[in-house]
Amino acid sequence: MLRLLLPVDGSEDSLEAVRYAAGFAAAIGGAGCEVHLLNVQLPLPPAVRRFIGREDARSFFEEEGRKVLEPAEAILKDAGVAHEAHIAVGNVEQTIVDYAGEHGCDQIVMRMRNQSPIEGLLLGSTTLKVLNLSTVPVTLLK
């Protein structure tokens, strides 16, 4: 069984990767493919954590993650592709790579953001950082 990890951040780029994976999974016969959706929430700043309880923070991350994952889940559901959806909190790139390893994912599928060369140089790219950190193949969609 092929296990695909699709990081989802709510952007149109990440939804394009989900559409690609849905088509791919359907083409190989959905039963031969296991799709994992992952939304990574950034941790709250220390100044905010002092005023918010652990349970409130957990609820906040869950609510925000659900909002982001719903459109991706709808795409997979419409395509008849079974999937699991997960929400994590942490450093985005490292969390994606760690998740892939911990869940035995065979491949990470991501779409590169359309950003100018200057933006990419100054801001870096989550996709490129995942590509550099990952020990499993990363499929990049343009």
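The values are calculated or read from the model by the stated rules, or taken from the named source; none is laboratory data. Predicted model, so just to flag it, every value in this text is computed and none were measured. Cβ placement follows ideal geometry from the backbone for every residue including glycine, while neighbour counts extend to all protein chains displayed.
If I filter the stretch 60-83 for residues that are closer than 24 Å to N132 by Cβ and touching a Cys at 6+ places or on another chain (Cβ under 8 Å), do I get at least one hit?
Scanning the stretch 60-83, I find no residue that is closer than 24 Å to N132 by Cβ and touching a Cys at 6+ places or on another chain (Cβ under 8 Å), so the answer is no.
Specify which of the listed residues (E73, E64) is within 23 Å of G32 (Cα to Cα), modelled with pLDDT of 95 or more and not small (G, A, S).
Within the list E73, E64, the selection yields E73.
What number of residues in the stretch 126-136 are within 15 Å of the chain's Cα centre (by Cα) and of a type outside the set (A, V, I, L, M, F, W, C)?
4
Kindly check whether there is at least one residue in the stretch 33-52 that is in contact with a Pro (Cβ under 9 Å, 6 or more places away or on another chain) and part of a helix (DSSP H, G or I).
Looking for residues that are in contact with a Pro (Cβ under 9 Å, 6 or more places away or on another chain) and part of a helix (DSSP H, G or I), one finds at least one in the stretch 33-52, hence yes.
Restricting to the stretch 128-138, and then to whatever is touching a helix residue (DSSP H, G or I) at 6+ places or on another chain (Cβ under 9 Å) and surrounded by 12 or more Cβ atoms within 10 Å (Cβ to Cβ), can you tell me which residue is modelled with the lowest pLDDT?
The qualifying residue modelled with the lowest pLDDT is L128.
Tell me which residues, restricted to the stretch 4-23, are assigned to a helix (DSSP H, G or I) and in contact (Cβ under 8 Å) with a residue 40 or more places away in the chain.
D13, S14, L15, E16, A17, V18, R19, Y20, A21, A22, G23
If I filter the stretch 76-85 for residues that are out of contact with any Ser or Thr (no Cβ under 8 Å at 6 or more places or on another chain), surrounded by fewer than 17 Cβ atoms within 10 Å (Cβ to Cβ), in contact (Cβ under 8 Å) with a residue 40 or more places away in the chain and assigned to a strand (DSSP E or B), do I get at least one hit?
yes
One line per residue, one yes/no per condition, for (1) at pLDDT 95 or above; (2) basic (K, R); (3) part of a helix (DSSP H, G or I):
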{"position": "D56", "(1), (2), (3)": "no, no, yes"}
{"position": "I87", "(1), (2), (3)": "yes, no, no"}
{"position": "D98", "(1), (2), (3)": "yes, no, yes"}
{"position": "G104", "(1), (2), (3)": "yes, no, no"}
{"position": "Q115", "(1), (2), (3)": "no, no, no"}
